[in-house]
Amino acid sequence: MERLRIAFLGPAASFSHQAALESFGPSAVFSPCLSFADAFAAVQHNEVDYAVIPFENSTNGSVVQTLDLLADRDGLYSDVVVCGEHYLTVHHCLLARKNTTTVPSAGGGGYRFITKLYSHPQAWGQCETFLSRYFKKIERQDVSSTSKAAEIVSADETGHSAAIASRFAAEYHGAEILEANIEDKDDNTTRFLILRNDRSKRTKCAVPITSDAVDIDGSSEAPTAKWKTLISFMINHNSPGALADALLIFKAHGMNLTSINSRPSQIRAWQYIFFVECESIPGVHDDNSVERILEGLRKVTESCRDLGSWKEQLLREG
């Protein structure tokens, strides 16, 4: 059986790598991508079967790089669509080079000998309580990923640097965990989107191990499974009520809106591309519901696009 090719936002041992492993299992062939654009391009050109990229964090909100690429202002990724999602509970650790002797200082003033911290920009905001307690005056250095931060400090022979990264990254790079679970919220979670090429002949995949789906396109789903759809559109901002008219179309078709985002169109100043994520229920909404919504949107927007549908993986309380 041919092995699936999976791209993820690299380098190896990043949270995206962990999400990809959990989604597709170790039998797939994993390819790290240095940028969001590289991951999108790999899907567009059929260099991989799927890509796993971060979309939003429960603490920090939306990942704008992903939204900008989904906006596809230059028409580079017209065949890229969303076909799945994966929720990863993000636990951050404070890492240092193996056998580092640094310990918390008395009075919570910081960790002795640490003069510089490395991490990805999003990690700072997810660990602010811990950082404020121990590292108020310590230099913070942004790097491309938490995995890169772990790699840097594991090679620092001075022992004066530390990183905020995952346990996965610590094990991969041979770093020592000084303190685990330093995130502000125990339920700190990142949602990843799974992308595929809409024109590719290979649209099915092995079961993501965190899902009860038979395949990622959900042809064998239970009839009560909820589905999500992501739609983008632009409106005429000079027309009063244009956004309300667009949103009312979703209401008219009984779609529950689960999120709304916007990004600059870069066509005209102060014009935006809106991203609406909506939820449908098989048995209540039929296979043509999304197309009917798009038909309605074409009448009240300047442009609109179906960015894909997938089975919801979030287990909601209540």
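Would you say Ile216 is among the β-branched types (Val, Ile, Thr), under 22 Å from Ser78 (Cα atoms) and at pLDDT 95 or above? Here the answer is no, as Ile216 does not meet what is asked. Applying the condition of being more than 13 Å from the chain's Cα centre (by Cα) and free of Cβ contacts under 8 Å to residues at least 60 places away in the same chain to region 8-27 and asking which residue is surrounded by the fewest Cβ atoms within 10 Å (Cβ to Cβ) yields Pro26. One residue is enough: does region 49-62 have a residue meeting the conditions on the phi > 0 side of the Ramachandran plot, touching a residue at least 40 places away in the same chain (Cβ under 8 Å), small (Gly, Ala, Ser) and part of a loop (DSSP other than H, G, I, E, B)? No - not one qualifying residue is present in region 49-62. Flag: Glu85 does not match the condition of being part of a helix (DSSP H, G or I), in contact (Cβ under 8 Å) with a residue 24 or more places away in the chain and closer than 30 Å to Ala42 by Cβ. Looking at region 278-297 only, could you name the residues that are within 15 Å of Ala246 (Cα to Cα) and surrounded by fewer than 13 Cβ atoms within 10 Å (Cβ to Cβ)? Matches in region 278-297: Glu291, Glu295. For region 272-306, a tally of residues being out of contact with any strand residue (DSSP E or B) (no Cβ under 7 Å at 6 or more places or on another chain), free of Cβ contacts under 8 Å to residues at least 60 places away in the same chain and of a type outside the set (Gly, Ala, Ser) returns 10.
Please determine whether any residue of region 277-292 is at positive phi and assigned to a strand (DSSP E or B). Checked against the condition, which is being at positive phi and assigned to a strand (DSSP E or B), region 277-292 yields no hits at all. Screening Ala169 with (1) in contact with a Cys (Cβ under 9 Å, 6 or more places away or on another chain); (2) over 22 Å from Val52 (Cα atoms) gives one miss only, at (2). Among the criteria (1) in a helix (DSSP H, G or I); (2) surrounded by fewer than 20 Cβ atoms within 10 Å (Cβ to Cβ), the one Thr158 does not fulfil is (1). Using the structure shown, decide if Asp187 is surrounded by 13 or more Cβ atoms within 10 Å (Cβ to Cβ), acidic (Asp, Glu) and modelled with pLDDT of 90 or more. No; evaluated as a whole, the condition is false for this residue. In summary, Ser239 fulfils each of the numbered conditions (1) outside any strand (DSSP E or B); (2) in contact (Cβ under 8 Å) with a residue 40 or more places away in the chain; (3) among the hydroxyl-bearing types (Ser, Thr, Tyr) with the single exception of condition (2). Counting just the residues of region 269-289 that are β-branched (Val, Ile, Thr) and modelled with pLDDT under 95, which one comes out farthest from Val64 (Cα to Cα)? Result: Val284.
Within region 141-163, residues that are within 19 Å of Pro54 (Cα to Cα) sit with their Cβ atoms under 6 Å from residues that are of a type in the set (Val, Ile, Thr) and surrounded by fewer than 24 Cβ atoms within 10 Å (Cβ to Cβ), at 6+ positions apart or across chains, in these pairs: Ala149/Val143. Just one of (1) over 22 Å from Val90 (Cβ atoms); (2) surrounded by fewer than 16 Cβ atoms within 10 Å (Cβ to Cβ) fails for Asp72. It is (2). Taking the conditions exactly as written (of a type in the set (Phe, Trp, Tyr), at pLDDT 95 or above and in contact with a Cys (Cβ under 9 Å, 6 or more places away or on another chain)), does Phe192 satisfy them or not? When the stated conditions are applied, Phe192 does not pass them. Somewhere in region 249-256, is a residue modelled with pLDDT of 95 or more, in contact with a helix residue (DSSP H, G or I) (Cβ under 6 Å, 6 or more places away or on another chain) and not hydroxyl-bearing (Ser, Thr, Tyr)? There is at least one residue in region 249-256 that is modelled with pLDDT of 95 or more, in contact with a helix residue (DSSP H, G or I) (Cβ under 6 Å, 6 or more places away or on another chain) and not hydroxyl-bearing (Ser, Thr, Tyr).
Would you confirm, using the coordinates I've provided, whether Gln44 is surrounded by 18 or more Cβ atoms within 10 Å (Cβ to Cβ) and outside the structural domain of Ala175 (by TED's automatic domain parsing)? Yes, satisfied.
Taking every residue in region 113-124 that is assigned by TED's automatic domain parsing to the domain that holds Asp142 and pairing it with any residue that is modelled with pLDDT under 95 and among the aromatic types (Phe, Trp, Tyr), at least 6 positions away or on another chain, the pairs with Cβ-Cβ distances below 7 Å are Leu117/Phe135. If you take the residues in region 87-121 that are over 17 Å from Phe168 (Cα atoms) and crowded, with 20+ Cβ neighbours inside 10 Å, which one is modelled with the lowest pLDDT? Restricting to residues being over 17 Å from Phe168 (Cα atoms) and crowded, with 20+ Cβ neighbours inside 10 Å, the top hit is Thr100.
The values are calculated or read from the model by the stated rules, or taken from the named source; none is laboratory data. Only a predicted model underlies this, so the values are computations on that prediction, with no experimental measurement involved. In this analysis, Cβ positions are derived from the backbone assuming ideal geometry, glycine residues included, and neighbour counts consider all displayed protein chains.
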